1. Say each of Thr23 and Lys50 gets a label point 7 Å from the Cα, pointing the same way as Cα to Cβ; how far apart are those two points in nm?
2. By how many nm would the segment from Leu32 to Trp89 grow when fully extended, if each residue of separation counts as 0.36 nm and the alpha-carbon distance is taken off?
3. If you count, for each residue, the other Cβ atoms within 10 Å and average over each peptide, how do 91-97, 71-77, 103-109 line up from highest to lowest?
4. Using 18 Å as the Cα-Cα cut-off, could you pick out the over-long pairs in Lys24/Lys90; Lys60/Lys100; Lys17/Lys110?
Amino acid sequence: MSKILEYLVSPTVYRPKIINVMTKLGAPLTQLGYMYLNYAVVSVIKMREKTIQPKIIQLKNLIADIANEFGSTERCVECALRYYVNIWWKNGKLNEHFEKKPTTKRLIIKLFELSILEKVVATQ
């Protein structure tokens with residue numbers, strides 16, 4: 001099984017919540033950056049479970065982890081993540097969450113927050 005397919009079918013409780021949030025934002029599921037962004041949010045959730053505050057994540061290290069996990073380059077990962085920031089900002093999908101165009105790190109943290117909120121709402 002390919003690394004990408006393994007990732008998509010791996011049993012993570014948060015992944016459906018993240019997918020739901022990203023789908024609401026209009027994420028094209030066919031883009032490679034979709035999996036990178038999803039992986040980034042899952043990584044931040046795992047960091048949070050280890051009591052690491054999301055605000056202090058090192059984006060450079062996270063991008064390196066994503067590139068390593070998917071057999072890609074850091075530059076490719078950065079471009080793919082930035083693609084979502086640009087598309088969602090251009091389409092007005094982030095306007096209710098940000099006053100100005102967010103950085104990639106801020107987008108990942110916001111997706112983390114929305115995914116956790118989605119989890120809380122879904123369990124009530």
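A short reminder: the numbers here are calculations on the coordinates, not readings from a lab. None of these values were measured; they are calculated from a predicted model. In this analysis, Cβ positions are derived from the backbone assuming ideal geometry, glycine residues included, and neighbour counts consider all displayed protein chains.
1. With each label point 7 Å from Cα toward Cβ, the separation is 3.0 nm.
2. So the extension gain works out to 18.7 nm.
3. 103-109, 71-77, 91-97
4. Lys60/Lys100
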